[in-house]
Amino acid sequence: MLKLERLTRRFGDNTAVAAATLEIPDGQMVGIIGRSGAGKSTLLRLLNRLIDPSDGHILFGDKDIAQLKGRELRRWRSDCAMIFQQFNLVGRLDVITNVLTGRLYELPAWRAMGQIFTPRERAFAIEALDRLGMAHTALQKAETLSGGQQQRVAIARALAQEPKILLADEPIASLDPMNAKIVMDALRSINQQDGITVICNLHTLDTARNYCDRIIGMQGGRIVFDGTPDLLTTDMAREIYGAEADEAFNEAATSTTLPPRKSPANEGAVHV
Amino acid sequence: MSDIPFTGRAGPEASEQGAVAIFERHRAELRASRRVWNILGLAAFAICVALSINISGFFPERLATGVPRIAEYFATIMPDLSWDVLFAGRTEDGRAVAGSITYWYTDFWTYIELLWETILMAMTASLIGSAVAFVLSFPAAANLAPNGWVYWFSRRFLELCRGIPEILLALIFVFMIGIGPLAGVIAIAIHTAGALGKLFAEVNENASERPVEGITAVGGSWPAKMLYGVVPQVAPNFFSYAILRFEINVRASSIIGFVGAGGIGQELNRVISFYSDDRVAAVLILVVLMVTVIDLISENIRHRFIGKENF
């Protein structure tokens, strides 16, 4: 169970996240929606402490994540994997090493500095890549892959962390619809098969509806909606998205829904 | 509400006119203010040039009288070679014939040994200096330093290292540990650490933050973030700068011997102070040859490497 209590982050006079209070049970798949600047990204970054909160608590078990420092903080980050909109892989490293960096927290310092990984760790990383259908690229430099492939490698890196929670910050915003579907399907099956809590920022409404058990709507840093997809009425959605409603509702342009009849849509899909 | 509609729909012509007029006015203001600064800057530059000409006495007539003396000096260090014995070997009793190349380059193998020592000094100093620069370039990069103090101290330390001239450092180390190449190596290594450290740190500051953020998010420590997130991005540039520095260090280590810190400079200093004029030329030719060859080789390596990495 992940509990947020009045979690707040201010940047100068601007409050990016205002007193967010939430309870997320283990194993849920949560979509956070809202227009640009609503505080979705800040909220996610607060959860794994890429940004420090100004106020409030993040409770996981009996630990207050907001107070962690040093090695304890790094341990939390390794338990709470993150996927980024721009993938954040190390382009000049090969794919397998990128995935192996998911093990960095567990490694003794001398092995981390020598880039010495055991055959068992390598096997684990290859299995993670294979789940995403990317094992054949293991020895390529990450920067040679397409966006969709890079995101799948990034998910494999997250899997290598053996996380309890998986955060995804706009994971499909830079991808075309087919790759977006592959990535969302992968996140969904990680959630269902491994029981990992997935918290995902999404810009488009239909993706959130299709994939998530629960939708949280944010507006101006506040949580204005929290419920199952069927509770999210069109009026509510219009209010959340405001001026960006048309874009968010334009499912053809930005969604994971593939146009029908466009030959085998599942060809590239990954059965994770 | 304002006169200019937010969208162009209400009155396209009127708003366009307004926007153009505003733009033209801003542009004229910007150009006027820039012109003042340009004129001020140019005037300041002209004053500096005039002062430096005056202080250094850079006058045409002094140059005109001085230039022929360069030729005079080269005339005095030219060896007395004569055609008929130019390629003559040593006589039976082991003496070289005056006027032959063998006579001119009697100490050829000593020179070669010293040139080799010079190159080795440059290599060792470049390696040690690059290693120190590598380690310090991460805390000395504004975007990577773990905190302000570490940043401040590593920056100042690098400045100190490159602020003291090599030749002065060499004098100090000759005094400390005695005459020989070790003093020269340490002196050049310190200067290299300072100069390369700054360049490396600037390369680090241009590295993308995204991979670093990725390594932060997997729970990597600060050294792990540097090694996995930054080093792969900057390694080709580091390598190129280090090789360039090696070129510079070959030149530096052929001079540093003047204060007794090893290498060919020591021999050059000796022949100059003994007025063995033709030998000065002999050594100088070899030094120029060595520097040229090293430059060509390292340039080749650098270009090949940079080309391969698509920089």
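Odds and ends about this structure:
- Qualifying residue in the stretch B:198-211 (condition: buried (at least 16 other Cβ atoms within 10 Å of the Cβ) and among the small types (G, A, S)): yes
- The stretch A:88-97, residues that are hydrophobic (A, V, I, L, M, F, W, C), within 7 Å of another protein chain (Cβ to nearest Cβ) and more than 25 Å from A:L202 (Cα to Cα): A:L93
- Apart from one condition, A:L100 fits all of (1) in a helix (DSSP H, G or I); (2) more than 19 Å from A:K164 (Cβ to Cβ); (3) touching a Ser or Thr at 6+ places or on another chain (Cβ under 9 Å); (4) more than 7 Å from chain B (Cβ to nearest Cβ); the exception is (3).
- Screening A:L73 against (1) in a loop (DSSP other than H, G, I, E, B); (2) within 13 Å of chain B (Cβ to nearest Cβ) leaves a single unmet condition, (1).
- Qualifying residue in the stretch B:244-256 (condition: closer than 14 Å to B:A133 by Cβ, within 14 Å of chain A (Cβ to nearest Cβ), touching a residue at least 24 places away in the same chain (Cβ under 8 Å) and out of contact with any strand residue (DSSP E or B) (no Cβ under 6 Å at 6 or more places or on another chain)): no
- The residues of the stretch A:111-141 that are part of a loop (DSSP other than H, G, I, E, B) and among the small types (G, A, S), listed by number, are A:G133, A:A138.
- Screening the stretch A:7-27 for residues that are assigned to a strand (DSSP E or B) and of a type in the set (D, E, K, R) and picking the one that is farthest from A:V224 (Cα to Cα) gives A:R10.
- Figure legend. Inter-residue proximity from the stretch B:146-163: first residues closer than 14 Å to B:W222 by Cβ, second residues in a helix (DSSP H, G or I), beta-carbon distance below 6 Å, spacing 6+ or different chains. Indicated pairs: B:P146/B:W222; B:S154/B:L136.
- The listed residue being at pLDDT below 80, aromatic (F, W, Y), outside any helix (DSSP H, G or I) and under 29 Å from B:V280 (Cβ atoms), out of B:F87, B:F74: B:F87
- Test: residue in the stretch B:281-301 that is within 14 Å of chain A (Cβ to nearest Cβ) and farther than 30 Å from A:L50 by Cα: no
- Set A:Q67, A:Q150, A:Q85: member being more than 9 Å from chain B (Cβ to nearest Cβ) and in contact with a Pro (Cβ under 8 Å, 6 or more places away or on another chain): A:Q85
- Candidates A:R131, A:R120, A:R103: the one that is among the basic types (K, R), in contact with an Asp or Glu (Cβ under 7 Å, 6 or more places away or on another chain) and more than 30 Å from A:Y241 (Cα to Cα) is A:R103.
- Count - residues of the stretch A:47-64 that are under 22 Å from A:F11 (Cβ atoms) and either more than 13 Å from chain B (Cβ to nearest Cβ) or assigned to a loop (DSSP other than H, G, I, E, B) (or both): 11
- Filtered residue count, the stretch A:127-147, keeping only those that are within 17 Å of A:I190 (Cβ to Cβ) and either away from chain B (no Cβ under 14 Å) or not hydrophobic (A, V, I, L, M, F, W, C) (or both): 8
- Out of A:P119, A:P108, sole residue that is farther than 17 Å from B:R210 by Cα and either facing another protein chain (nearest Cβ under 10 Å) or at pLDDT 90 or above (or both): A:P119
- Check on A:I33, hydrophobic (A, V, I, L, M, F, W, C) and under 24 Å from A:G102 (Cβ atoms): no
- Criterion: loosely packed, with under 15 Cβ neighbours inside 10 Å and more than 20 Å from A:D194 (Cβ to Cβ) - qualifying residue of A:E127, A:E72: A:E72
- Criterion violated by B:V218 - all others in (1) at pLDDT below 90; (2) within 14 Å of chain A (Cβ to nearest Cβ) satisfied: (1)
The values are calculated or read from the model by the stated rules, or taken from the named source; none is laboratory data. If you're wondering where the values come from, they're calculated on a predicted model, not measured in any experiment. Methodologically, a virtual Cβ is constructed for each residue, glycine included, from the backbone with ideal geometry; neighbour enumeration extends over all protein chains shown.
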